[in-house]
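Reviewing the structure listed below.
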Amino acid sequence: MSLLPLTFLLPLAGTLVLALSRGRLGPRSSAVVGVVSVGLAALVTAWIGWHFVDSGVGGVDMTLWTWLSVGDFRPTIGLRLDGLSLTMIGIITGVGFLIHLFAAWYMQGEAGVTRFFAFMNLFVFSMLLLVLGDNMLLLFLGWEGVGLCSYLLIGYYYWTEANGWAAFKAFIVTRLGDVFLAIGLFLMFRELGTLNIAEILQRAPEVWAEGAWQAQLAALLILGGALGKSAQLPLHTWLADAMAGPTPVSALIHAATMVTAGVYLIARLHGVFELAPGVLYLVGLIGAVTLLLAGFAALAQTDIKRVLAYSTMSQIGYMFLALGVGAYDAAIFHLMMHGFFKALLFLSAGAVIVSCHHEQDMRRLGGLWRRLPLAYAGFVVGGAALAALPLVTAGFYSKDEILWEALAAGHGGLMLAGLIGAFLTSLYTLRLIIGTFHGEMKSDNARHAEPGRGLVHGLPLVVLAVLSTFLGAWIHPPLEAVLPTSPGAGVHGAGHTVLGIVAAATSLVGLGLGAWLFLTRWRWLSERVSTGWAARLWWLWHNAWGFDIAYDRLLVRPYRGLVRLLESDLIDRLLLLAAWLAWGLHRGLSLTQSGKMRYYAATMAAGVTLVLLVLVVSG
Amino acid sequence: MTLLWLILIPFIGGLLCWQGERFGEQAPRWIALGTMLMVLAITLGLWFYGDYHLPSLDPQGEAVRWTMEWQVAWIPRFGISIHLALDGLSLVLIALTGFLGILAVLCSWHEIVHRVGFFHLNLLWILGGVVGVFLAIDLFLFFFFWEMMLVPMYFLIALWGHSGSKGRTRIRAATKFFIYTQASGLLMLVSILGLVFANLAHTGEYSFDYATLMQTPLSDGLAMWLMLGFFIAFAVKLPVVPLHGWLPDAHAQAPTAGSVDLAGILLKTAAYGMLRFALPLFPEASQAFAPVAMGLGLLGIYYGALLACGQQDLKRLIAYTSISHMGFVLIGIYAGTELALQGVVMLMVAHAFSAAGLFIVSGQLYERLHTRDMREMGGLWGRLGSLPGFSLFFVAASLGMPGTANFLGEMMILFGAFPLVPWVVVLASGGLLLAAIYSLLLMQRVHFGPPQGKEHFADLDRREYLMMLTLTGLVLLFGLYPQPLLDTTGAAMLEVQQLFEGVAPLSSLAKGNQ
Amino acid sequence: MSGVPMEHGLVLASILFALGIAGLICRRNMVFVLMSLEIMLNAAALAFIVGGTAWGQPEGQAMFLLVITLAAAEASVGLALLIQLHHRYKTLDVDAANRMHG
Amino acid sequence: MEIAFYLSGLVAVLATLGVITNTNPVHALLYLIVSLIAVALVFCALGAPFAGALEVIVYAGAIMVLFVFVVMMLNLSDTVEAQERAWLKPRIWLGPSVLSGVLLLTLIAILWLGDGGRVIEGETLTAKAVGSILFGPWLLVVELAAMLLLAALVTASHVGRLSSPAGSAGRREPDARKEAS
C-alpha cells in the first residue's frame, strides 16, 4: 500500500520532466516519457488493486503531511484507498494509459508534443488526487487541477482563436459550478467542523436531521459543482465545444474520466445526499432531463465528435439518474463501462480523423468501412455497447441495472425517461456509424484515407473493444464496503427480467429503425429536415435546444456591456473631479495674474475702498 | 541593533550604488543585488534562530510581545523614539521585501540602461523605507518611513517609467500616485496626532509609542474618527475601491521593478498597517466599521475584476487584478477570525509572488515585443520558448488554482469568514469566478489565437529562467506546505484576533500559555 | 474767520489722491502713469503737512521731506524704466512689456 | 489766509484734473507743475513755508524738469497724442472714475465721522523747528532718505543705460508677441 503515492507521483514526474525540458526533448522522447509514466502508474495501480482486494480490508488511509493547521482547520494531504477510489484510479490509469498510448500515434507530426504530454500527465496526476484525496480540500485541488488541464488541452490548438474561446468557456462554466462547490465546503466546515470525507459522512447524520435545511443546502451546493464538471443541465453547454481539443483529450478527459468526476463526488458524499432526499431526487431528475435533451441534440449533429460529446452528456445523465434513485454502485458501474466504450468510440473517431486528414464532419465522410477496418470495428463494438445491444455488450448490463434500480426505487418516470433515452441512443449511434462508414465517400479527404498502422495505434483499440463487450461487464468493482446498498440489490424478481426484455427490445427496435432509416432513407431524411417545422426542430436540436444562445443573451452580453461600461474606471473618474476642480480654480485665479499693471492698481484701490467702506459702515 | 541594520543596509547600499556608477554600469547592479541578498540572509537568519511561536512570559507576568526590540530616544520632548520591534508578521513581510528586492534588481538588469546608479538608489531606498515601515512601532517613526517610501517611488515612475497611451504619461502617473498617497498619509498624521493628544490629555505626557497609545481610553466617536484616518490612509495604499485610482496608472507606467515592488510589497504595507495599527489601536471602532469595510472589500473584488476584463494594456489588467485580490484581504482582515487573519497573511505573501511573477512576465514580454497592448499580441504560445508556461502558471496562481499559495490564502479567508458573515463570503466567492474570467482572458489575448508573425522571440536566458523558477517553486511550496509560514505569524495574528474580539489581550495570552 | 478746519485740508488731500488714482488706473501711457503717481505722493505729503500744522508740530514737515525724497527716487527710477521701455518696444504702453498669459 | 488756502486748493484740484485728462504729455506736465505750485501755496497758507519752498524747488523744479527732459528726449509726436485720445474712451475711464469717486466719498465719510473740530490757525512752523527735529530725534529718517536717494541714483543710472546687452533680444520681443497673439 505504501506505493500508493507512486500512482500520482509518476505522472507528476512525467509532467515535471516534460515541463522543465525546455524543448530539449524531441517529440518521440516526449511521447515515451508521457506514456511510460502513466503506464508505470497503471502497473502500480494494478499491483495495489491486487493487494487491496486480496487483503479484504475496507479502506486504507494514508496521511502524507498536514497541509496546514490553523485552529480547527487542519486539512491534510492524505489519501484514502477504498473500493470506490480503487475503481476510479483503475479507470484513470488503465484507460488513461491506453489513451496515452494511442495519443502517441495520434500526435505524430503535431507541433508541441511535449506540451501535450506534459498536460496529459498533469491531468492524470490531478485526476488521481481528486479521487484519492481523503478530504474535500484535496479533492478540490484535484477538481480544479483537472479543470485547468481540460482548459489547456481544449485550447491545445491555440492558433485557432475559437479553440481558445471553447477552452475558456469550458473552464468558466465548470468554474461556476466549482464556486458552488466551494461555498458548499464552507457550509460543511462550519456545520460539521471538518473537511475529512470520512468524518463528514460520519458526522453528517449526527448533526443534521434528515431533510434539515443545512443538509439540503450543502447537498444542493455540492450538486452545483457536480453539474458543472459533469456537464449536466444547466451547466452542460461547455462539453460540446470542448471537442476542439485533440481527440485523445476528448477520450480521456471529456468522456472517460473528468466529466464523470461529478458522479464520483456525489457517490463519495452519498451520506450528505441521503440526508437531503429532495436534492437526491433532483439529481435523478436532472440526469433524466439531460439524457433526453442531449439524446435529441446528438441526433442532429454532423460533427462526429460532437455526436459523441452529446452522447457523453446523455450517458452521464444515466449515471445521475442512477445516483438520484440511490443506486450509487450502478452509477459507478456504468461510469466504468462508459469509460471503456466511450474511450473506444473517441479513439476510433480519432483514428478516422487522422486517417482522413483531420476531417471530422459526417457530411464529408462516408463509405470508410472498407478502408479503415480497425476503426470501423471499434465504432461497431463501441456503438453497440453505447446502444446497449443485449447480452453481448458491456453497456447493456450497466444500463439495464440502472433502469431496474430506478424501477425498484419507485421512480417509474425516471425509468421511462431512461428507456426513451435508450431508444434515442440506438438511433444516433447508428446514424453516426452509417454516416461515417457507409454510403458513398463524400470528399477527397475520405477518398484518400490512410489507415493507421502499428501496435501503438492498434493495441488501445483492441483492448478497449474487448473491454466494451460482455467481458468488460465481468469486472466487478468492489464497492460494497463503500457505498450503501441500492434499492434493487438482491431483488431478482420477474420484474427485472421483464424490464430487461423491454430494454433489450427498445434498443433493438431503435437499432432496427435506425438501420432502416439511415441505410435506405438517408437522402429523404436530409431533405425532410431542411424545410418546414422539421427544419426548425432540427435547428433547435442542432443547437442543443438553444442553451448557448440563451446564455449568450442573458449572461455573456450583459457582462460584456457591464465591462464596457466600466472600462474607463468610472469611480476613478469621479475622484478626478477633485482634480478638475483644482484645475478650474487654477485657471480662474491665473486669469487675475494678467501682468497688466492697471488692473493690479485698480484691484488694490478697490480692495482699499472695500476695507474703508466696511470700516465706515461698521464704525 | 540587528533591526537597525536591517533598515540601514538598503539605505547605505543605495548610496553605494549611486556612487558605484563611476566604476561602470554593472557595479550598481551587483551592489544592489548584494545588498538585498544581505537583507534576505539576515532575515532568514532571524527566522531560523528566533522564536516566533507564542509570546513568552517574563517573571512579572507581562507578556513580551516582540521577538526582538530596539529603542533609542529621538525627540524626547515629544516622546518620540526610534523604536523598532520584530514579530512573526513583520519578519515574514521583511523576508518578502528582501526576496522581491532581489527580483526587482534582477528583472531590471537589462531593462534599465540609463542612470543605473540613481535607479538603484531609488529602488533600495524604497525597500529600506518598507523595511522601516514593517519594523517601526513608534507611530511617528512609522509615519516617517511611510512617507519616506513615496519619494523614491515617485522618481522611479517618473524617470524610468513607460509612457502609456494617450494622456497617460509616466509623470502624470507618478504625480497621481504621489498625491493620492501623500494626501492619505496626511490624514493618518492627523489621526496619529489626535491619538497622541488624547493620550496627552489622559496621562499628561507626550508619547508616540505603540504600547502606550494602545492603552489610551477613547470615546466612541473619537475612536471612530481616528480609526477612519488610519483606515483611509491604508485604504488608499491597499487599495480599496473608491480610492484605487492611482494604482492602475502607477503600475502600468512604472518600470518592471517598480511594478514588482508596488504590487509585491507596497500594497502589503497597507494590510500590515491595518493589522498592526488600525485594528489593535481601535478594536471597538474597527469592529463597528467591519461591515462597511467588508462591503468595500466586496466592491473591490467585483469592480477590480470587471475592470480587469476591459483592459487592453497587459499591466493595467494585472493592476486591476491586484485590486480584486486586495478585496479578499480586506474582508479577511475585518472578519478577524484567526483562520481569516492567517489567510490574509497567506494571501499577501501569495499575491506578492504571483503579481510579481505576472509583472515580470509582462516585463519580459515587453522586452521582446516592445508593446504591452494585448491587441498586438496573440498566438504567442509557440513563439516565446518557456515564457508562456510561466505566464500560465502565474495566471493560474492568480485565479486561485489549488496547489498555489493564492488558493490557500483565499480559501482560508473565506473559510474563516464564513461562520461570521456567510453572505459576504458567498458573494466574495463569486469573485473566484470572475478571477477565472480575467485570468483566462489574459491567456486568451496574449498566448492564444492566430500568431501575428512567424519569427520566434528569444527564449528566457538563465537569469530570467532562474527568477521565474524560484517564484514558481515558492508559490507551490507555500501552496502545499505553508505551515512554517503560518507558525511564524500565528502568534501575531492570534493577538490581533483577540484584540479584535475585544478580549483583554494580556490576560488571555497568559491564560493561553498556562 | 480764524483758520481752516483740519478736515478741509484733508479733504483736499483726498481729492488729489482720488484724482491721482483715477489717472493711474485709466492711463496706459507710462508718462501719465508716473505723473499720476507723483500726484498721489503729493497728496499724501499734503495730508502730512495738514496734520502737522493742525497740531502745531514740525514732524509733519519732516515726513514731507521723506515723501519728497521718495518721490524723487521714484521719479528717477520710473523715468529710467520709461526710457528703457521706449527703447525696447518703441511704445510707452505699460502693457507692452507684459509677458504673462493670464 | 483762508482765502489763499481755498483758492489755491481749487487751483490744485483743477490743475490735477487737467493732468489726468490731457492727452498731450507736455501740456499735462505743465498742468502738473501748476498743481504742484498750487499745493506749495496751500502749504504756505497752512503755515508751513519751508515745505512750500521745498515743494517748489524740488518737486516743481527738479523732478518736473526731469520729466520735461525725458519727454523732450523721447520726442513724443502727434501720433502719441492720437493714441492717447484713442485710449481715453469713456469705456475706459468710467470705471476708474467711479472707483476713485467711491474711494473719495468713503474717505470724506471717514473724515466726517471722526472727531473733528481742530482748526489750523496758520501759525508758522519755521524751518528752524523742522531742522532741529530732523537732526534731533528724526535723524534716522534723514539717513534713510539719503540711502534711498543713493539707491535710486544707482538704479536709475543702471536701468537707464541704453546700450544694454539684452537690447537686441528685447527688440525681438514685440514681434514674438505679435506672433503669439
Q) If you check B:200, B:218, B:222, B:193, which single one turns out to be modelled with pLDDT of 90 or more and either assigned by TED's automatic domain parsing to the domain that holds residue B:112 or basic (Lys, Arg) (or both)? A) B:193
Q: Take residue D:82 and decide whether it is in contact (Cβ under 8 Å) with a residue 60 or more places away in the chain, hydrophobic (A, V, I, L, M, F, W, C) and more than 7 Å from chain C (Cβ to nearest Cβ).
A: no
Q) Looking only at residues in region D:133-145 that are more than 8 Å from chain C (Cβ to nearest Cβ) and part of a helix (DSSP H, G or I), which one is surrounded by the fewest Cβ atoms within 10 Å (Cβ to Cβ)? A) D:140
Q.
For the list (1) more than 19 Å from residue A:227 (Cβ to Cβ); (2) at pLDDT 90 or above, I need the number of the one condition that residue A:180 fails.
A. (1)
Q) Do we have any residue at all in region D:82-96 that's β-branched (Val, Ile, Thr) and out of contact with any Cys (no Cβ under 7 Å at 6 or more places or on another chain)? A) no
Q. Of the numbered conditions (1) in a helix (DSSP H, G or I); (2) under 30 Å from residue A:612 (Cβ atoms), residue D:115 satisfies every one except a single condition; which is it?
A. (1)
Q) Checking residue D:106 against (1) among the β-branched types (Val, Ile, Thr); (2) surrounded by fewer than 21 Cβ atoms within 10 Å (Cβ to Cβ); (3) more than 7 Å from chain C (Cβ to nearest Cβ); (4) in a helix (DSSP H, G or I), which single condition isn't satisfied? A) (2)
(Q) When the residues of region A:188-204 are narrowed to those that are out of contact with any strand residue (DSSP E or B) (no Cβ under 9 Å at 6 or more places or on another chain), surrounded by fewer than 23 Cβ atoms within 10 Å (Cβ to Cβ) and aliphatic (A, V, I, L, M), which ends up nearest to the other protein chains (Cβ to nearest Cβ)? (A) A:192
Q: Name every residue in region B:267-309 that is surrounded by fewer than 24 Cβ atoms within 10 Å (Cβ to Cβ), aromatic (Phe, Trp, Tyr) and farther than 29 Å from residue B:442 by Cα, in order of residue number.
A: B:272, B:289
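Report whether or not residue D:52 is touching a Phe, Trp or Tyr at 6+ places or on another chain (Cβ under 7 Å) and farther than 22 Å from residue C:24 by Cα.
yes
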(Q) Return the residues of region B:64-83 that are in contact with a Gly (Cβ under 8 Å, 6 or more places away or on another chain) and surrounded by 19 or more Cβ atoms within 10 Å (Cβ to Cβ); say none if nothing qualifies. (A) B:67
Q. With B:212, B:181 as the choices, which residue is in a helix (DSSP H, G or I), under 23 Å from the mean Cα position of the chain (by Cα) and more than 20 Å from residue B:334 (Cα to Cα)?
A. B:181
Q) Of the numbered conditions (1) touching a residue at least 40 places away in the same chain (Cβ under 8 Å); (2) of a type outside the set (A, V, I, L, M); (3) more than 30 Å from residue B:197 (Cβ to Cβ), residue B:310 satisfies every one except a single condition; which is it? A) (1)
**Q.** Residues (free of Cβ contacts under 8 Å to residues at least 12 places away in the same chain and either acidic (Asp, Glu) or under 18 Å from residue D:88 (Cα atoms) (or both)) located in region D:3-42
**A.** D:17, D:20, D:22, D:27, D:28
**Q.** Criterion (surrounded by 24 or more Cβ atoms within 10 Å (Cβ to Cβ) and more than 7 Å from chain D (Cβ to nearest Cβ)) met by exactly one of C:24, C:46, C:41
**A.** C:24
Q) surrounded by 12 or more Cβ atoms within 10 Å (Cβ to Cβ), under 27 Å from the mean Cα position of the chain (by Cα), β-branched (Val, Ile, Thr) and within 14 Å of chain B (Cβ to nearest Cβ): does that describe residue A:563? A) no
(Q) I'm trying to understand the selection: among the residues of region B:269-326, which are in contact with a strand residue (DSSP E or B) (Cβ under 9 Å, 6 or more places away or on another chain) and polar (S, T, N, Q)? (A) B:312
(Q) Any residue that is surrounded by fewer than 17 Cβ atoms within 10 Å (Cβ to Cβ), touching a residue at least 24 places away in the same chain (Cβ under 8 Å), more than 8 Å from chain C (Cβ to nearest Cβ) and in a helix (DSSP H, G or I) - is there at least one of those in region D:85-97? (A) yes
Q.
Being touching a residue at least 12 places away in the same chain (Cβ under 8 Å) and buried (at least 24 other Cβ atoms within 10 Å of the Cβ) is the filter here; which residues of region A:157-172 pass it?
A. A:167, A:170, A:171
Q: Please tell me if residue B:140 is free of Cβ contacts under 8 Å to residues at least 60 places away in the same chain and out of contact with any helix residue (DSSP H, G or I) (no Cβ under 6 Å at 6 or more places or on another chain).
A: no
Q. Of these, C:32, C:64, C:17, which one is farther than 19 Å from residue D:125 by Cα, facing chain D (nearest Cβ under 7 Å) and surrounded by 22 or more Cβ atoms within 10 Å (Cβ to Cβ)?
A. C:32
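Okay, residues lined up against (1) without any contact (Cβ under 8 Å) to a residue 24 or more places away in the chain; (2) in a helix (DSSP H, G or I):
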position: C:46; (1), (2): no, yes
position: C:50; (1), (2): no, yes
position: C:56; (1), (2): yes, no
position: C:64; (1), (2): yes, yes
position: C:72; (1), (2): yes, yes
position: C:75; (1), (2): no, yes
position: C:80; (1), (2): yes, yes
position: C:84; (1), (2): yes, yes
Q) So which pairs qualify, if the first residue must be in region A:8-21 and away from chain B (no Cβ under 12 Å), the second must be not in a helix (DSSP H, G or I), the Cβ gap must be under 9 Å, and the two must be at least 6 apart or on different chains? A) A:8/A:79; A:17/A:25
Q) Given the conditions (1) more than 8 Å from chain D (Cβ to nearest Cβ); (2) within 14 Å of residue A:597 (Cα to Cα); (3) in contact (Cβ under 8 Å) with a residue 24 or more places away in the chain, which single one is not true for residue C:98? A) (3)
(Q) Please return the ranges of helices (runs of 4 or more DSSP H) entirely within region A:365-461 where 1 or more residues are farther than 24 Å from residue A:520 by Cα and under 29 Å from the mean Cα position of the chain (by Cα). (A) A:373-386, A:394-408, A:412-437
Q | Among the candidates D:117, D:122, D:101, residue that is within 8 Å of another protein chain (Cβ to nearest Cβ) and either in contact (Cβ under 8 Å) with a residue 12 or more places away in the chain or farther than 29 Å from residue D:52 by Cα (or both) | A | D:122
Q.
Whether any residue in region B:346-365 is in contact (Cβ under 8 Å) with a residue 60 or more places away in the chain and within 11 Å of chain A (Cβ to nearest Cβ) is what I want to check.
A. yes
Q) Within region A:29-84, which residues are free of Cβ contacts under 8 Å to residues at least 12 places away in the same chain, away from chain B (no Cβ under 14 Å) and charged (D, E, K, R)? A) A:54
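The values are calculated or read from the model by the stated rules, or taken from the named source; none is laboratory data. Since the model is a prediction, treat every value here as computed from it, not as a measurement. Cβ: placed from backbone, ideal geometry, glycine included. Neighbour counts: every protein chain shown.
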